[in-house]
Amino acid sequence: MKNVTLYLLLLACVGLCRGQKVEENTFNVGFELDALPYLTGGYFIAGWVGQDRWRCRILTANVNKPDWSTPEGFTKHHISAYAAVIDVFLKPGWRGWWIGAGPVYWRSRIQSDARIQTAHFNNFLLNGSLGYNLKLGKQFYLSPWAGLSMRIAGDQDVPVDQQLFTLPLFNPEASLKLGIYF
């Protein structure tokens with residue numbers, strides 16, 4: 001994980017040296033890190049390509065959900081997520097409001113409070129999200145965002161130590177991303 005962070009910092013330095021001005025109709029490539037997974041002991045990294053006001057992101061994340069966000073009687077809910085998302089910006093230059101949507105795959109594991117067994121399960125979700133890019137200099141941005149993922153396929157009732165864990169139909173998310181583009 002340290003190598004990924006070091007690589008992103010190196011890319012940031014190279015990007016600052018280039019000083020490219022972003023104009024509408026310009027093709028760009030970018031990377032993002034999201035704060036929430038890191039705060040829970042996981043990680044998030046996304047790469048994107050875009051032109052005009054459209055971009056396509058691919059991402060992976062490992063999230064250790066806090067117990068306060070996990071249904072009572074369960075603990076250690078871990079999610080490995082993989083997604084492909086299409087975003088559109090309302091303004092040119094990768095700034096301002098954006099909306100996005102795309103498919104998400106979750107590989108999960110969870111334990112009951114008894115912690116006897118670990119259950120593994122998989123789900124496909126459809127995500128919709130909304131955010132706002134705040135420019136920080138020429139190529140960096142902060143992006144507070146919120147999203148809602150709807151379970152569309154996969155395991156619904158998962159047996160764990162004589163209990164059943166049910167992944168909710170709707171799963172809300174919110175966080176803050178730091179991004180760079182070239």
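Tabulated data
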item	result
Percent RCO, i.e. relative contact order, over the chain, from Cα pairs under 8 Å lying at least 6 residues apart	19 percent
Alpha carbon Rg of the chain, scaled by the compact-globule rule 2.2 N^0.38 Å	1.13
Accessible-area composition of segment 84-182, carbon plus sulfur, in percent [1.4 Å probe]	64 percent
Estimated FRET transfer efficiency when R0 is 25 angstrom, pair residue 176-residue 116 (beta carbons, to 0.05)	0.10
For segment 97-141, accessible area per residue (1.4 Å probe, heavy atoms of protein chains only), Å²	54 Å²
Packing-based order for 104-110, 137-143, using average beta carbon neighbours within 10 Å, highest first	104-110, 137-143
Estimated vicinal HN-Hα couplings, Hz - segment 105-121 in sequence order (Karplus 6.51, -1.76, 1.60; Gly, Pro = x)	10, 10, 9, 10, 9, 7, 10, 7, 4, 5, 6, 8, 10, 10, 8, 10, 8
In degrees, nearest ten, helix 2-18 long axis to first principal axis of the chain (Cα)	20 degrees
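The values are calculated or read from the model by the stated rules, or taken from the named source; none is laboratory data. On a predicted model such as this, the values are computed, not experimentally measured, just so you know. Cβ atoms come from the backbone with ideal geometry, glycine included; neighbour counts cover every protein chain shown. Ligands, DNA and RNA are excluded from the accessible area calculation, which covers all protein heavy atoms including side chains. Shrake-Rupley method; radii C 1.70, N 1.55, O 1.52, S 1.80 Å.
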